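Below is one structure, written out as structure tokens, with a few remarks after it.
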């Protein structure tokens, strides 16, 4: 079992370009999350999906959109990238039963020039 | 508002010394607290949670509701403990993370 996978591992964009970060899990979990990790800021929740077919904003949703394609996949889209979105992005999942352990992907390092 | 505070960005100790990573939280309900760890070039993973009250890799953490704290402790630090540690609070099926503390254990 791969657990939680993310693609790509690294990406460099120019300001204004768009891209989609992909996340997939084979753990049959209901809930999926997107975080960004910045030095001195910790992990901040961008969007989450409590179950297939639902998505909700987290702490820092501006500039991002998400799609819960099916139970396994949760993508994060940057429509017009900005330098402030330079960060490491992590996808995570949990069973969705409250106060569960979250399982994290390996991360995507994004640089916006 | 729910908030997790980790006051130290960096904690540097020598091997064999005791370690305490501080975590304070703000939450009006009954808190569910976790410590996550990220070793170099590895993904973030759960270290321990307060409801299990167990010791993992020699680390323990006790929830103190009076002081709203959940400090992580280890009596004798090892070099392999060097990592980034995050305290997290579970609220409404979401986790709120602190800003993290980097622990550096020198030989």
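Values quoted throughout were computed directly from the atomic coordinates according to the rules given, and no laboratory measurement underlies them. Treat the numbers as computed from the prediction; the structure is a model and nothing was measured. Methodologically, a virtual Cβ is constructed for each residue, glycine included, from the backbone with ideal geometry; neighbour enumeration extends over all protein chains shown.
General observations
- Tensor-based shape of chain B (alpha-carbon gyration tensor, a/c under 1.5 rounded, otherwise prolate or oblate): prolate
- Bridge type composition, chain B - antiparallel percent by DSSP, nearest 5: 85 percent
- Mean separation of Cα contacts under 8 Å (6+ apart) over length of chain A, as relative contact order %: 36 percent
- Relative contact order of chain B, taken over Cα pairs closer than 8 Å and 6 or more residues apart, is 39 percent.
- When chain B is treated as a GNM with alpha-carbon contacts under 10 Å, the residue of B:14, B:34, B:59 showing the greatest mean-square fluctuation is B:14.
- For chain A: rounded, prolate or oblate by the Cα gyration tensor [a/c cutoff 1.5]: prolate
- Computed FRET value (nearest 0.05) for residue B:41 with residue A:57, which takes r as the C-beta separation and R₀ as 35 Å: 0.65
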